[in-house]
1. What number of residues within the range 58-84 are open to solvent by 10 Å² or more (accessible area, probe 1.4 Å), part of a helix (DSSP H, G or I) and in contact with a strand residue (DSSP E or B) (Cβ under 9 Å, 6 or more places away or on another chain)?
2. How many of the residues in the range 241-267 are among the acidic types (Asp, Glu) and buried (at least 20 other Cβ atoms within 10 Å of the Cβ)?
3. Restricting the first residue to the range 244-267 and requiring it to be on the phi > 0 side of the Ramachandran plot and outside any helix (DSSP H, G or I), which pairs with a second residue that is open to solvent by 10 Å² or more (accessible area, probe 1.4 Å) and of a type in the set (Ser, Thr, Tyr) meet a Cβ separation below 7 Å and a spacing of at least six or different chains?
4. In this structure, does Asp139 turn out to be in a loop (DSSP other than H, G, I, E, B) and more than 18 Å from Leu340 (Cβ to Cβ)?
5. Condition check: in a strand (DSSP E or B), touching a strand residue (DSSP E or B) at 6+ places or on another chain (Cβ under 9 Å) and of a type outside the set (Phe, Trp, Tyr). Does Asp364 satisfy that?
6. Within the range 88-110, track down each residue that is part of a helix (DSSP H, G or I), open to solvent by less than 10 Å² (accessible area, probe 1.4 Å) and closer than 22 Å to Glu28 by Cα.
7. Can you name the residue in the range 130-188 that is closer than 24 Å to Phe345 by Cα and of a type in the set (Gly, Ala, Ser) and, of all such residues, is surrounded by the fewest Cβ atoms within 10 Å (Cβ to Cβ)?
8. Determine which member of the set Phe310, Phe294 is farther than 14 Å from Leu144 by Cα, touching a His at 6+ places or on another chain (Cβ under 9 Å) and at pLDDT 95 or above.
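The values are calculated or read from the model by the stated rules, or taken from the named source; none is laboratory data. Small disclaimer: the values here were computed from a predicted structure and weren't measured. Methodologically, a virtual Cβ is constructed for each residue, glycine included, from the backbone with ideal geometry; neighbour enumeration extends over all protein chains shown. Quick note on the areas: whole protein, heavy atoms, side chains included, nothing else; ligands and nucleic acids left out. Shrake-Rupley method; radii C 1.70, N 1.55, O 1.52, S 1.80 Å.
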Amino acid sequence: MSIKKTAALIASGAMMTAGAASAQDGEELLIGGALSLTGIQAPLDTPGFLGAEVAVDYLNENGGILGRPVKFVNIDGKSDPVTVGNVAVELIDRGAELIVAPCDFDFGGPASREAQEAGLVGISTCASDPLYSSWSLGDKQFTLSMWNTTMGAVAANFACEEKGWKKAYVVTDQFIAYTKSLSKYFVEHYQDIGCEVILEDTYTNGDNDFSAQLSRLQALDETPDVIFLSSYGQDIGVIIRALREAGIDAPVLGGDAYDDPAMHEALGDKLGNDIYFVTHAWMGPESHPDMLKFNELYAAKHGEAPESSFVATGWDTIMLMAAAVEAAGTTDGAAVAKALEEGEFDLLTGKLSYSSAEDGHEPDKAAVLTALEGGKPSFMGWRRPEALPKP
């Protein structure tokens, strides 16, 4: 069976039908996870963990992987890179054959480095900095996410070309590689397509004080058409609140860290308006024909509907691993990596293919644009830029 066909059967909806035998025989296949369920990384990793649990149940009800029952063991990485690396070592020592890494280069990279050292494939659920590549982490390491080159270009195209917002104020949180590179690629592409950045500013995560930046913004001779804010965690809401309370009503634009129901609720119907962000999926049928079925499986497992697209990244990471292992016929790291490089995968988070290890395992993938109005998100469609900034 071809890799493309295998991917379609396992990673997409063609396998979302009952009737396959449950996985009961054969040696257990252990997938190890180092996702952070506590700390600043938890709003991104916990939904992925919950989605991964649904995928494992689904696989086991439909024959497992290569006829083997699947076991997913996640040990809390605690939003600490050292702990994440130690967790990966422990899981590999327990016999893990694949590693699920956190949704970020700084927090997830240590898990993939340990997977590489052990000769295993590791996949981050949604790390988007181009540092999450085979160049930095090794030839068996991948991320499910589009890179920030795509995320930044989608945001820039939307602002400059779709909306005609020609002048931007850019704020970059100095927290991690993700926040810094997202702004970098937005600025580069925004300027390349003919728009102007009138001020670039910085912020330090955890400061909870945006007064100095507000003073610089208010001192400008011109008003920005759009504010591009690259930050992380609840600081996004803190900054947006400061902007709105200062009377600055320009639209705010950002990346997937905005895909956080707690932040939306905190902003509410008064402050959660004219906000746009680029993310991984939309949890409705407009996004993917199999999304309703996934939502049913998720609700049956967890007793409630999924709240953000990060649940889909967890499901997709496990299903992507299953597709590649089935195509390779083994969990051998080199063979699974080759299957990932050669495959085309139709996932809940979009169609995905990878470049070679020599080219960084760059993901070719679209992104979803989401609007926030009245504190409620809405789907604005898939976006795939024709041109990207160079990583």
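1. So the count comes out to 1.
2. Step one: list which residues in the range 241-267 are among the acidic types (Asp, Glu), which gives 245, 249, 256, 259-260, 265.
Of the ones still in play, those that are also buried (at least 20 other Cβ atoms within 10 Å of the Cβ) are 256, 259-260.
The qualifying residues number 3.
3. none
4. Values: in a loop (DSSP other than H, G, I, E, B): yes; more than 18 Å from Leu340 (Cβ to Cβ): no.
So Asp139 does not fit the description; no.
5. Working: in a strand (DSSP E or B): yes; touching a strand residue (DSSP E or B) at 6+ places or on another chain (Cβ under 9 Å): yes; of a type outside the set (Phe, Trp, Tyr): yes.
So Asp364 passes the test.
6. So in the range 88-110, the residues part of a helix (DSSP H, G or I) come out as 88-93, 105-110.
With the extra rule that they be open to solvent by less than 10 Å² (accessible area, probe 1.4 Å), the set shrinks to 88, 91, 108-109.
Scanning the range 88-110 gives Ala88, Leu91.
7. Going residue by residue through the range 130-188, those that are closer than 24 Å to Phe345 by Cα are 130-154.
Narrowing further to those that are of a type in the set (Gly, Ala, Ser): 133-134, 136, 138, 145, 152-153.
Numbers: Ser133: 23, Ser134: 23, Ser136: 15, Gly138: 20, Ser145: 29, Gly152: 28, Ala153: 28.
So the residue we want is Ser136.
8. Step by step, each of Phe310, Phe294 is checked, and only Phe294 is farther than 14 Å from Leu144 by Cα, touching a His at 6+ places or on another chain (Cβ under 9 Å) and at pLDDT 95 or above.
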